[in-house]
1. How large is the accessible surface of residue 13 in square angstrom, using a 1.4 angstrom probe and rounding to the nearest 10?
2. Given H placed on each backbone N at 1.01 Å, which residues far from residue 85 in sequence or on other chains put an amide H within less than 5 Å of it?
3. Name the long-range amide H neighbours of residue 65: under 5 Å, sequence gap of 5 or more, or other chain; modelled H, no Pro or chain starts.
4. Students often get this wrong: which residues of the range 61-84 have the backbone nitrogen under 16 Å from the point 7 angstrom along Cα-to-C-beta of residue 15?
5. For the range 76-84, just list the computed ³J(HN,Hα) in residue order, Karplus coefficients 6.51, -1.76 and 1.60, θ = phi - 60°, integers in Hz, with x standing in for Gly and Pro.
6. By the scheme Lys and Arg +1, Asp and Glu -1, what is the net charge of all other residues having a beta-carbon under 12 Å from that of residue 20?
Amino acid sequence: TCVAAENYSAAIDARGRLLLWGRPGWLEGAHGAAETAGWPALEPQVAAPFVGRGAMEASYHRKIISLAASRNAVFALTEDGSLMYVSVDRGEDDTIVSVNLLPLRQLERVKVKAVS
């Protein structure tokens with residue numbers, strides 16, 4: 001499965017991991033599009049699942065089965081019905097440090113059937 005949004009794409013690989021590449025719009029942050037135009041595009045990266053403690057920990061290691069993307073967000077549905085989102089962390093020099101897959105805590109107790 002692959003989805004495309006404004007300037008980036010996301011896909012699920014054969015192992016059920018989320019891949020992200022391109023120039024996600026939310027990376028502009030406080031910077032304007034003209035200023036960020038020279039930033040290098042994000043090379044394909046696997047979104048690292050957040051590893052936490054507690055009741056939701058099991059969902060962090062589930063396979064991704066479906067994706068949805070917009071200019072400012074990527075959502076991933078796991079095989080157990082958990083909805084996750086992508087967070088891209090940048091360093092002080094605005095370089096991408098990590099791409100993370102995090103649980104959407106507002107829906108922690110909800111089993112989602114589809115995302116689009």
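1. Roughly 30 Å² of residue 13 is accessible to a 1.4 Å probe.
2. 76, 102, 104
3. Amide H to amide H, under 5 Å and 5 or more residues apart or across chains, residue 65 pairs with 77, 78, 79.
4. Residues 61-65 qualify, since their backbone N sits under 16 Å from the label point.
5. Going residue by residue, I get 10, 9, 8, 5, 9, x, 7, 9, 10 Hz, with x marking Gly and Pro.
6. After counting each charged neighbour, the total is 0.
The values are calculated or read from the model by the stated rules, or taken from the named source; none is laboratory data. Keep in mind that this is a model prediction, so the values were computed, not measured. FYI the Cβ positions are ideal-geometry reconstructions off the backbone, even for glycines, and counts take in every protein chain you see. The area values use the complete protein model at the heavy-atom level, side chains included, leaving out ligands, DNA and RNA. Shrake-Rupley method; radii C 1.70, N 1.55, O 1.52, S 1.80 Å.
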